[in-house]
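Everything on this sheet refers to the single structure shown next.
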Ligand code: ADP
Ligand code: MG
């Protein structure tokens, strides 16, 4: 997917008021910002606008306040954190739209930044209410959507407002779309897709599409158990998504007649229960006995997957290979993460937990693109149009 539209970098923003929809939906820890990855990812666009003397009004949602203001969902901690990262005062409007928000925006100097309150304090946000979109549009001269993590939703502050102002993709959103699209549309071969995590149903859309596009799909995580069950193998006490069994059967069927090799683990690491202190044993095969659960891929599987990743022209990785939160069962995920980091091919990692795993292993900077969008990146990889992006292309 390429942007046919005018680029933000070519827009004349000096002295003009620019509404930036960012995804600042960060975890809060006792009223302060926890992991600030999303705030940092929004900085390039905001800094670019500051450097070009725009008057910058940033908006975002935070959590699910359900359409009413609530102190625990205030963007106050985010405004303070953003202030520190930018090294400049970032005022917070007490509302999303209204007189006080408009007054604050009107009194911004060129190069100054402010934040509107949590867009989900307004019930019209998730309903894509035109009245809320109009209220937001009235504050600004231009609109920039940089909220890739929310691009799969048609909300008032993402899609609605884009139709009412000259609208541009922010730098983050543009990079996300360009890099994720490149994996599907113009991959260097072989294209190797590593999928793990908890559920087949979360990723079946990606599996389906990439059976047609990829050379190899490597399955790990609890996601492998519905595949084993579809083959009639015992899975013991492993986490098995029952609804995933027919999906897995369908995927194996589709793959068997295709040019795509669908690989499953050949060995596993087992535990008694999902607990850091649980007893652990290696299983040379994949038939899990009663009283045990598969919590990681085994060393032969991890080594095989790592070798395939190393030989790939393009790698897409989404979903951990095991319950990597439990130190005893992090080996498979660590081996694959290290292989992705070392791979000479073009490497893209998506998925909240996979990205967290990369960060925990200190490998984030060694991947070509780390996606900030969970659901949005999956939908884009499935080949589905993202309303937040479509709205920009149509604007
Ligand atoms: P991502 O956020 O990267 O897309 P998911 O949310 O799909 O990944 O899956 C991550 C979760 O899957 C982790 O919490 C991990 O503990 C869990 N998981 C992976 N493998 C197993 C397993 N074998 N048994 C239980 N849980 C697992
Ligand atoms: Mg997850």
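Every read-out reported here was derived from the displayed coordinates using simple, explicitly stated rules and does not represent laboratory data. As the structure is a computational prediction, the values presented were derived from the model and not from experiment. All Cβ positions, glycine included, derive from the backbone under ideal geometry; neighbour counts span all protein chains shown.
Here are a few things to note about the model shown:
- Label-point gap, in nm, between residue 7 and residue 106 - each point 7 angstrom along Cα→Cβ: 3.6 nm
- In terms of the mean number of neighbouring beta-carbon atoms within 10 Å, the peptides 73-79, 224-230, 107-113 order highest first as 224-230, 73-79, 107-113.
- Placing a label point 7 Å from the Cα of residue 231 along the Cα-to-Cβ direction, the residues of the stretch 299-328 whose backbone N falls under 14 Å from that point are 301.
- Normalising the average separation of contacting C-alpha pairs (under 8 angstrom, six or more residues apart) by the number of residues puts the relative contact order of the stretch 178-382 at 23 percent.
- Approximate spin-label separation residue 253-residue 28, in nm, with each point projected 7 Å along Cα-to-Cβ: 4.8 nm
- The packing ranking, built from the mean of other Cβ atoms within 10 Å per residue, places the peptides 233-240, 53-60 in the order 53-60, 233-240, highest first.
- Per-residue Cβ neighbour rank within 10 angstrom, fewest leading, 120, 9, 21, 360: 9, 360, 120, 21
- Packing around the peptides 38-46, 148-156, 277-285, 310-318, taken as the average count of other Cβ atoms within 10 Å per residue, puts them in this order, highest first: 148-156, 310-318, 38-46, 277-285.
- Cα gyration tensor shape for the stretch 236-275, rounded if a/c is under 1.5, else prolate or oblate: oblate
- Measuring r between the beta carbons of residue 368 and residue 277 and using R0 = 25 Å, the FRET efficiency lands at 0.10.
- Seen through its C-alpha gyration tensor, with square-root eigenvalues sorted a ≥ b ≥ c, the stretch 178-382 comes out oblate because a/c lies at 1.5 or above while a/b is not bigger than b/c.
- Gyration tensor (alpha-carbon) shape descriptor, the stretch 8-171, a/c threshold 1.5: rounded
- Label-to-label distance, residue 84 versus residue 261, with points set 7 angstrom from Cα along the beta-carbon direction: 4.9 nm.
- Among 321, 223, 114, the ranking by other beta carbons within 10 Å of each residue's beta carbon, starting with the fewest, stands as 114, 223, 321.
- Over the chain, relative contact order from alpha-carbon pairs under 8 Å, at least 6 apart, %: 16 percent
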